[in-house]
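> Provided herewith is a single structure, encoded as structure tokens, for subsequent inquiry.
The values are calculated or read from the model by the stated rules, or taken from the named source; none is laboratory data. None of the values given here were measured: they were computed from a predicted structure. No Cβ is skipped: glycine too gets one built from the backbone with ideal geometry, and neighbour counts run over all protein chains shown.
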Amino acid sequence: MSKLPLIGFRESELKSYFESIGKRTFHARQLLTWLYRKRVRDFNLMSDLPKFLRNELAENFHLDILTPADVAFDETDGSFKLLFVHENLTYETALIPDADRFTVCLSVQSGCKFGCRFCATGTLGFRGHLDTFHILQQLYNAYEFNDVTNIVYMGMGEPLDNAENVFSSLEILTSEWGFAFPARKITVSTIGLMPQLQELIDKTKVNIAISLHSPFHDERKDLMPVERVHPIEDVLASVSWRNWPRTRRLTFEYILFRGINDSLHHVKALARLARKYHARVNLIRYNPIDAKNGLESPEEPAILQFEEWLRHMHVSVTIRKSKGRKIYAACGMLAARKI
């Protein structure tokens, strides 16, 4: 019988397992502290567990993490991209240093089914969900490079389309028996799926980033087919924001496309939405993936002008730093080359 990966178990699941084999359930928290908080991957080093229990666990479970099939490094900014190939799933993890921060960008799917016009991942089609183990082992690999300060679910795939595994991984990341990672240091990016978005708000305390990219229905529909089913204004209006604290960040992600969504007309509509939902705006330079899709990034002065307009309209706005341009910066580009 093949051994199961222990990484990905939650406390409730491990307690149930110990009950089923007649062992005391308090050992679950001891084991998970070694596994997640201390990131120990050798049962023999878990000194407060009885030896007979360590032996039994070693017979049934493994503590292995996956080795990247490829590692790309951009010497200009110090960022990494890790490529994983496992069980017919190909996916990436980005590691992004910035001053006193080290951010890991997690993937949740191999490919994606939503086909956003600007997205490299979408060109692959949907190849499968990553389970909780696949999501968390990306973080273990990141710790091999540096101490992680921030986690973003902004890699390949739509997190709320894989809600079960994303919620499971978030529980492990933020629980005291897990990594005990601060929820305020975690951001989940989504195109806006209901009712999963409301669940994300209610069940977690993480920050949320909405992929907006246009404040206008017809235009967003051309960029993001999901707008036909889940119009973003309807999604935002249907969500209950009553218990949303100001310390919990809501961000609108906005990739700028030359001649499409970069006018003063767009700024005014975007500012209206941002002020209504107390959201900050994260402006993103477009990383071209296909000359045939007709999308280009505006010139730098136009990007700075768009930012200035938003500030003048009392919107909190930042411009995301471009990282990893030499290592296929856009999500899915490295995986696409491998496939």
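> Take segment 121-140 and flag every residue that is at pLDDT below 95 and buried (at least 24 other Cβ atoms within 10 Å of the Cβ).
Hit for segment 121-140 is T121, nothing else.
> Looking at segment 96-105, is at least one residue within 30 Å of R228 (Cβ to Cβ) and aromatic (F, W, Y)? Talk me through it step by step, then tell me what you get.
Our first condition is that a residue be within 30 Å of R228 (Cβ to Cβ); within segment 96-105, this holds for 105.
Filter once more, so that each one left must be aromatic (F, W, Y): none.
Scanning segment 96-105, I find no residue that is within 30 Å of R228 (Cβ to Cβ) and aromatic (F, W, Y), so the answer is no.
> Another one. Does I284 qualify as being of a type in the set (V, I, T), part of a loop (DSSP other than H, G, I, E, B) and closer than 26 Å to P231 by Cβ?
Details: of a type in the set (V, I, T): yes; part of a loop (DSSP other than H, G, I, E, B): no; closer than 26 Å to P231 by Cβ: yes.
It is false that I284 is of a type in the set (V, I, T), part of a loop (DSSP other than H, G, I, E, B) and closer than 26 Å to P231 by Cβ.
> Quick one: how many residues across segment 56-65 are surrounded by 12 or more Cβ atoms within 10 Å (Cβ to Cβ) and in a helix (DSSP H, G or I)?
4
> A follow-up question, please. Only one of A69, A94 is more than 20 Å from V152 (Cα to Cα) and touching a strand residue (DSSP E or B) at 6+ places or on another chain (Cβ under 6 Å); which? Lay out the reasoning, then the answer.
Numbers: A94 fails: more than 20 Å from V152 (Cα to Cα).
Criteria check complete, one pass: A69.
> Residues P225, P215: which one is farther than 24 Å from R101 by Cα, buried (at least 20 other Cβ atoms within 10 Å of the Cβ) and not aromatic (F, W, Y)?
Values: P225 fails: buried (at least 20 other Cβ atoms within 10 Å of the Cβ).
Within the list P225, P215, the selection yields P215.
> Looking at segment 66-95, which of its residues are assigned to a loop (DSSP other than H, G, I, E, B) and under 19 Å from D131 (Cα atoms)?
Keep residues of segment 66-95 that are assigned to a loop (DSSP other than H, G, I, E, B), which gives 66-69, 75-78, 87-88.
Residues satisfying the conditions are L66, T67, P68, A69, E87, N88.
> Among the numbered conditions (1) among the hydrophobic types (A, V, I, L, M, F, W, C); (2) assigned to a strand (DSSP E or B); (3) without any contact (Cβ under 8 Å) to a residue 40 or more places away in the chain, tell me where A237 comes up short.
(2)
> So if I check each of F179, F257, F216, F252, which one is in contact (Cβ under 8 Å) with a residue 24 or more places away in the chain, touching a helix residue (DSSP H, G or I) at 6+ places or on another chain (Cβ under 7 Å) and under 22 Å from M156 (Cα atoms)?
Details: F179 fails: under 22 Å from M156 (Cα atoms); F257 fails: touching a helix residue (DSSP H, G or I) at 6+ places or on another chain (Cβ under 7 Å); F216 fails: under 22 Å from M156 (Cα atoms).
Criteria check complete, one pass: F252.
> A follow-up question, please. From C105, C116, grab the single residue that is touching a residue at least 24 places away in the same chain (Cβ under 8 Å) and touching a helix residue (DSSP H, G or I) at 6+ places or on another chain (Cβ under 8 Å).
Working: C105 fails: touching a helix residue (DSSP H, G or I) at 6+ places or on another chain (Cβ under 8 Å).
Of C105, C116, the one residue that is touching a residue at least 24 places away in the same chain (Cβ under 8 Å) and touching a helix residue (DSSP H, G or I) at 6+ places or on another chain (Cβ under 8 Å) is C116.
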